[in-house]
Amino acid sequence: MNFHEVRFPANLSFGSVGGPERRTDIVTLVNGYEERNTPWAHSRRRYDAGVGMRSLDDVETLIAFFEARQGQMYGFRWKDWSDYKSSLASVEVKFDDQVIASGDGVETRFPLIKTYRSGQFSYARPIAKPVLGSVRVGIDQDEMKEGVDYEVDTTTGLVSFVTPPTEGSVIRAGFEFDVPVRFDTDRIQTSVASFRAGDVPNVPVVEVRV
């Protein structure tokens with residue numbers, strides 16, 4: 001797909017408004033009960049990049065980035081400051097933050113995932129855009145060495161081991177990651193006068209499937 005492996009300036013995404021959305025179809029029956037279904041296996045995130053604009057220089061940077069992506073044409077990386085680590089935001093990434101798979105003695109490639117838990121329920125989110133140099137991987141209680149024991153494809157989120165992990169072994173990983181997004185508009189409207197008055201441009205950004 002049309003995607004540029006470049007991150008939207010992190011200082012401009014800081015302070016942006018956004019988060020995950022779900023799509024749920026709800027049918028109310030005649031007896032008052034509801035039937036709820038969703039066509040989406042995974043949530044989709046939306047943000048407003050305009051909120052992070054703090055100066056006219058920021059606006060110029062935004063316009064340059066927008067033009068280089070040709071509006072909605074090309075996707076890019078986005079740092080979601082509220083959710084960009086395999087661990088809690090206040091904790092350093094460790095190799096055993098997330099369990100991503102179980103070895104079978106044959107498979108060598110495993111996708112990165114982040115699991116969200118609440119009570120007895122959980123949701124496993126695919127991580128397709130890990131940050132270069134941030135991924136740490138381990139098997140059971142031992143941390144592996146990147147470039148020796150495994151390689152990471154930062155464009156797909158796949159971890160490839162040199163030797164297949166043994167059957168029953170627990171494969172773990174810790175990482176920072178970006179969200180693959182695109183602009184959700186082909187037009188940016190700015191005004192020097194209105195910006196100085198505190199009116200920032202509306203620049204919607206939406207997550208894309210990769």
**Asked** In the stretch 110-125, how many are open to solvent by 50 Å² or more (accessible area, probe 1.4 Å) and either farther than 22 Å from A41 by Cα or touching a Gly at 6+ places or on another chain (Cβ under 7 Å) (or both)?
**Response** 1
**Item:** Considering residues of the stretch 29-56 that are touching a strand residue (DSSP E or B) at 6+ places or on another chain (Cβ under 8 Å) and aliphatic (A, V, I, L, M) only, the residue modelled with the lowest pLDDT
**Value:** V51
**Request:** Answer yes if at least one residue in the stretch 127-142 is small (G, A, S), open to solvent by 60 Å² or more (accessible area, probe 1.4 Å) and part of a loop (DSSP other than H, G, I, E, B), and no otherwise.
**Result:** yes
**Item:** Members of the stretch 99-109 found to be among the aliphatic types (A, V, I, L, M) and open to solvent by less than 70 Å² (accessible area, probe 1.4 Å), listed by number
**Value:** I100, A101
**Prompt:** If we scan the stretch 57-78, do we find a residue that is surrounded by 14 or more Cβ atoms within 10 Å (Cβ to Cβ), of a type in the set (S, T, Y) and at pLDDT 95 or above?
**Reply:** yes
**Message:** List pairs: first residue in the stretch 130-157 and within 17 Å of V93 (Cα to Cα) and basic (K, R), second residue assigned to a loop (DSSP other than H, G, I, E, B) and open to solvent by 60 Å² or more (accessible area, probe 1.4 Å) anywhere in the structure, Cβ distance under 7 angstrom, at least six positions apart or on different chains.
**Reply:** R136/K94
**Request:** State which residue is nearest to V93 (Cα to Cα) when the search covers only the stretch 164-184 and only residues that are open to solvent by 30 Å² or more (accessible area, probe 1.4 Å) and in contact with a strand residue (DSSP E or B) (Cβ under 9 Å, 6 or more places away or on another chain).
**Result:** E176
**Message:** Based on this model, can you work out whether I139 counts as at pLDDT 95 or above, more than 21 Å from E207 (Cβ to Cβ) and more than 23 Å from the chain's Cα centre (by Cα)?
**Reply:** yes
**Asked** Picking from K114, K94, which residue would you name as being in contact (Cβ under 8 Å) with a residue 60 or more places away in the chain, more than 16 Å from E207 (Cβ to Cβ) and among the basic types (K, R)?
**Response** K94
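Tell me, yes or no, whether the stretch 52-70 has at least one residue that is under 24 Å from T154 (Cα atoms) and touching a Ser or Thr at 6+ places or on another chain (Cβ under 7 Å). So that I can check it myself, show each step before the final result.
Here is the first cut: in the stretch 52-70, the ones under 24 Å from T154 (Cα atoms) are 65-66, 68-70.
With the extra rule that they be touching a Ser or Thr at 6+ places or on another chain (Cβ under 7 Å), the set shrinks to none.
Scanning the stretch 52-70 turns up no residue that is under 24 Å from T154 (Cα atoms) and touching a Ser or Thr at 6+ places or on another chain (Cβ under 7 Å).
Residue by residue, here is whether (1) part of a strand (DSSP E or B); (2) closer than 27 Å to N11 by Cα; (3) out of contact with any His (no Cβ under 6 Å at 6 or more places or on another chain); (4) touching a residue at least 40 places away in the same chain (Cβ under 8 Å) holds:
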residue	(1), (2), (3), (4)
H42	no, no, yes, yes
F66	no, yes, yes, yes
D80	no, yes, yes, yes
A101	yes, no, yes, yes
D104	no, no, yes, yes
A124	yes, no, yes, no
**Prompt:** Within the stretch 21-31, can one find any residue that is touching a residue at least 60 places away in the same chain (Cβ under 8 Å) and either at negative phi or open to solvent by 50 Å² or more (accessible area, probe 1.4 Å) (or both)?
**Reply:** no
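The values are calculated or read from the model by the stated rules, or taken from the named source; none is laboratory data. This structure is a prediction, so every number in the text was calculated from the model and none was measured. Because the Cβ atoms are built from the backbone with ideal geometry, glycine has one as well, and the counts that use them run over all protein chains shown. With ligands, DNA and RNA removed, areas are computed over all heavy atoms of the protein, side chains included. Shrake-Rupley method; radii C 1.70, N 1.55, O 1.52, S 1.80 Å.
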